[in-house]
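Only one structure is covered here, and it is reproduced in the block below.
The values are calculated or read from the model by the stated rules, or taken from the named source; none is laboratory data. Since the model is a prediction, treat every value here as computed from it, not as a measurement. Heads up, the Cβs are rebuilt from the backbone with ideal geometry, glycines too, and the neighbour counts pull from every protein chain shown.
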Amino acid sequence: MTRPPDIIAIDGGGTRCRVSCEIAGQRHTYESGSCNVTSDMDGAAQQILDGLDGLAEVISLDASKLHSVPAYLGLAGVTGPSKASEVAGRLPFSQVRIEEDRVAAARGALGLGNGALIHCGTGSFQVVQTDGHPRFAGGWGARLGDEASAQWVGRMALSATLNARDQLTPHTDLTTALLAQFGGTTGIVEFAAKASASDLGTIAPDVTAAGEAGDAIARTILEDGANWLTFAIKRLGWAAPMPITFTGGIAPCYARYFHEDLQDVLAPAFGTPLDGAIALAYDFKKELMG
């Protein structure tokens, strides 16, 4: 039988939940499904439990032996301490710290150094970290924010297509293609009424490709997104020459639309959100040990 892990770290997002541990410096990970504790608390808790069972099987350990291991969870949908406490009450850990997923993403991407993180996937958020202290903006979801995210880009493209159909703006290759793809305005409205954030995000690659080809509407959407991101990180305290890191599928597409002062300091991420969760799990363990 494997000895119990040193720590457990969980990176739970809207797409997947990665449950990981380290034993004598060796990392082991099991991946389960979608984990957002605001949109589906029951489902998220079950994915975490399933992930623990899967991890226990990976390391050949009885799952109950994991319950007393110091655990750090960075989860989508943790809106504050009360939500974190609610999640903790559904899980078997005796020593656990639960925070929103942006914290682990920032630690993974930036380490403890100064810099900015721009995350634009299906959703979006921004972080500026100085002297090891991160400041956050965004991450409020598709209904209330997520500016410059993939779903935002898709939604803006459909709105622009409807405006072009109403002759408020000229059609471009992008709007003409989207109008044909959805079978006219009726199809666009019906799609949008039922579309999830992920569904809207599937349109984003067409927009970024059109922008690279010089499509005026696509470029306007992406320039607006880049301007928002620039505004956000500057309000959070970013200033050159602090490095800027991208995470998320669409984020790198904004680089060409940034001003030169931002382009000059773009840098790769130090690590992943799971790397951040593991680092935070060790921090938590040190605190417990005094």
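Any residue at all in the range 57-79 that's in a strand (DSSP E or B) and of a type in the set (D, E)?
Within the range 57-79, the subset in a strand (DSSP E or B) is 71-76.
Remaining after also requiring of a type in the set (D, E): none.
No, the range 57-79 contains no residue that is in a strand (DSSP E or B) and of a type in the set (D, E).
Select, from G141, G145, the only residue that is surrounded by fewer than 18 Cβ atoms within 10 Å (Cβ to Cβ), in a loop (DSSP other than H, G, I, E, B) and not hydroxyl-bearing (S, T, Y). So that I can check it myself, show each step before the final result.
Numbers: G141 fails: surrounded by fewer than 18 Cβ atoms within 10 Å (Cβ to Cβ).
Of the residues listed, the single one that is surrounded by fewer than 18 Cβ atoms within 10 Å (Cβ to Cβ), in a loop (DSSP other than H, G, I, E, B) and not hydroxyl-bearing (S, T, Y) is G145.
Hey, can you tell me all the residues within the range 228-241 that are out of contact with any Ser or Thr (no Cβ under 8 Å at 6 or more places or on another chain) and in a loop (DSSP other than H, G, I, E, B)?
Passing the criteria: L236, W238, A239, A240, P241.
Report the residue count in the range 8-36 for those that are touching a Ser or Thr at 6+ places or on another chain (Cβ under 9 Å) and at pLDDT 90 or above.
Total satisfying the criteria: 15.
State which residue is farthest from the chain's Cα centre (by Cα) when the search covers only the range 5-44 and only residues that are among the aliphatic types (A, V, I, L, M) and surrounded by 21 or more Cβ atoms within 10 Å (Cβ to Cβ).
Applying the filter and picking the extreme gives I7.
Quick check: is even one residue across the range 179-187 in a helix (DSSP H, G or I) and surrounded by 18 or more Cβ atoms within 10 Å (Cβ to Cβ)?
Going through the range 179-187, the residues in a helix (DSSP H, G or I) turn out to be 179-181, 185-187.
From what is left, the residues that are surrounded by 18 or more Cβ atoms within 10 Å (Cβ to Cβ) are 179.
Within the range 179-187, one or more residues are in a helix (DSSP H, G or I) and surrounded by 18 or more Cβ atoms within 10 Å (Cβ to Cβ).
Identify the residue in the range 232-290 that is loosely packed, with under 14 Cβ neighbours inside 10 Å, within 30 Å of P70 (Cα to Cα) and hydrophobic (A, V, I, L, M, F, W, C) and, among all such residues, is farthest from the chain's Cα centre (by Cα).
Here the residue is M289.
Run down A164, A210, A197 and say which single residue is surrounded by 15 or more Cβ atoms within 10 Å (Cβ to Cβ) and in contact with a Pro (Cβ under 7 Å, 6 or more places away or on another chain). Can you show your working first?
Numbers: A210 fails: in contact with a Pro (Cβ under 7 Å, 6 or more places away or on another chain); A197 fails: in contact with a Pro (Cβ under 7 Å, 6 or more places away or on another chain).
It is A164.
Looking at the range 217-227, is at least one residue basic (K, R), surrounded by 15 or more Cβ atoms within 10 Å (Cβ to Cβ), assigned by TED's automatic domain parsing to the domain that holds T29 and part of a helix (DSSP H, G or I)?
Initially, the range 217-227 is screened for residues basic (K, R), giving 219.
Those still in the list that are surrounded by 15 or more Cβ atoms within 10 Å (Cβ to Cβ) too: 219.
Now narrow it down to the ones that are assigned by TED's automatic domain parsing to the domain that holds T29: none.
No, the range 217-227 has no match at all.
Could you pull out the residue among A192, A209 that is under 20 Å from F258 (Cα atoms) and either in contact (Cβ under 8 Å) with a residue 40 or more places away in the chain or in a helix (DSSP H, G or I) (or both)?
Values: A192 fails: under 20 Å from F258 (Cα atoms).
The match here is A209.
Please find, among I10, I23, the residue that is in contact with a Cys (Cβ under 7 Å, 6 or more places away or on another chain) and closer than 20 Å to P70 by Cβ.
On the way: I23 fails: in contact with a Cys (Cβ under 7 Å, 6 or more places away or on another chain).
The match here is I10.
Need pairs with beta-carbon distance below 8 Å; first residue under 16 Å from I48 (Cβ atoms) and within the range 61-84, second of a type in the set (V, I, T) and in a helix (DSSP H, G or I); sequence gap 6+ or separate chains.
Cβ pairs passing all conditions: Y72/I278; L73/I48; L73/V87; G74/V103; L75/V87; V78/V87.
On the given criteria, is T272 in contact with a strand residue (DSSP E or B) (Cβ under 9 Å, 6 or more places away or on another chain), polar (S, T, N, Q), at pLDDT 95 or above and under 18 Å from Q129 (Cβ atoms)? Even if it seems obvious, please write down each step before you answer.
Values: in contact with a strand residue (DSSP E or B) (Cβ under 9 Å, 6 or more places away or on another chain): yes; polar (S, T, N, Q): yes; at pLDDT 95 or above: no; under 18 Å from Q129 (Cβ atoms): yes.
Answer is no for this residue.
Assess whether L91 counts as being within 20 Å of L288 (Cα to Cα), buried (at least 20 other Cβ atoms within 10 Å of the Cβ) and more than 22 Å from the chain's Cα centre (by Cα). Quick ask: steps written out before the conclusion?
Values: within 20 Å of L288 (Cα to Cα): yes; buried (at least 20 other Cβ atoms within 10 Å of the Cβ): no; more than 22 Å from the chain's Cα centre (by Cα): yes.
No.
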